[in-house]
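Here is the structure we will look at, set down as structure tokens.
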Amino acid sequence: AREGVDRVLDSGGMSEPRLARDLADLLPNGSLLFCGSSMPVRDLDQVMRPRRGIRVLANRGASGIDGLVSTAIGATIAHNGPGYALLGDLSLLHDQNGLILGPREPRPDLCLVVVNNDGGGIFSLLPQSALTDCFERVFGTPHGVDIGYLAAATGTPYTSVTDIADLPKAIRGEGLRIVEARTDREENAAVHAALRDAAQAAVRAVL
């Protein structure tokens, strides 16, 4: 099943599951990996290869995505080492004020890797995606926010990644910084369907 999943991911370009898998592979030993709620933690659970040398944390707020930027910052400071967070765009926007740190506050060495699919991507994988008339407004919730401008407003270094091959270079650096990867919700649903089919086919082959 692992080989089937990897073949699906390696045969395409940028996708949300591949971003999760490759990010976890790239982290240096001694790193903290903070998982955002909703799709990021599910993607990591599904495609992350087993490895040693990193500490994985997650936090689910009362509404699922609240306070995740602040939690990642606090966890990284307490970790006393490099931190990386895989967050969705809505999680970032919900706690964007967490990027504003006072001049005398400790600064985390934290790279926020933000998956921007312009809304709530998880709902495209659920039955309500068939509700074409109201889906976008009620479940998709597109925001249209330019995360580059948000980063500039808070003085946070920002990099946009369009090619998965550029991820290793993009996450390098020190201090609090944002790496954005833009994805498409419909394409993401198709990738997840292909991953499911590949895993099922691999299991059937050995039964």
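The values are calculated or read from the model by the stated rules, or taken from the named source; none is laboratory data. No experiment lies behind these values; they were computed from the predicted model shown. Virtual Cβ from ideal backbone geometry, glycine too; neighbours counted across all protein chains shown. Areas reflect the complete protein model, heavy atoms only, side chains present, ligands, DNA and RNA absent. Shrake-Rupley method; radii C 1.70, N 1.55, O 1.52, S 1.80 Å.
Results, tabulated for the structure shown:
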quantity: Ile54 over 29 Å from Leu126 (Cβ atoms), among the aliphatic types (A, V, I, L, M) and open to solvent by 60 Å² or more (accessible area, probe 1.4 Å); calculated: no
quantity: Test: residue in the stretch 75-92 that is assigned to a strand (DSSP E or B), of a type outside the set (Gly, Ala, Ser) and over 30 Å from Ala1 (Cα atoms); calculated: no
quantity: Filter pass, Ile100 being of a type in the set (Val, Ile, Thr), out of contact with any Lys or Arg (no Cβ under 9 Å at 6 or more places or on another chain) and in contact (Cβ under 8 Å) with a residue 12 or more places away in the chain; calculated: yes
quantity: Out of Val47, Val56, Val138, sole residue that is of a type in the set (A, V, I, L, M, F, W, C) and touching a residue at least 40 places away in the same chain (Cβ under 8 Å); calculated: Val47
quantity: Among (1) farther than 19 Å from Cys35 by Cβ; (2) in contact with a strand residue (DSSP E or B) (Cβ under 9 Å, 6 or more places away or on another chain); (3) hydroxyl-bearing (Ser, Thr, Tyr), the one test that Thr76 misses; calculated: (1)
quantity: Looking only at the stretch 103-135, and only at residues there that are of a type in the set (Asp, Glu) and in contact (Cβ under 8 Å) with a residue 60 or more places away in the chain, the one that is nearest to Arg182 (Cα to Cα); calculated: Asp118
quantity: Evaluation of Ala62 against (1) more than 30 Å from Glu3 (Cβ to Cβ); (2) hydrophobic (A, V, I, L, M, F, W, C); (3) at pLDDT 95 or above (one fails), failing number; calculated: (3)
quantity: Ile77 being on the phi < 0 side of the Ramachandran plot, among the aliphatic types (A, V, I, L, M) and open to solvent by 40 Å² or more (accessible area, probe 1.4 Å); calculated: yes
quantity: Qualifying residues in the stretch 1-44 (those that are within 10 Å of the chain's Cα centre (by Cα) and part of a strand (DSSP E or B)) - the one nearest to Ile73 (Cα to Cα); calculated: Phe34
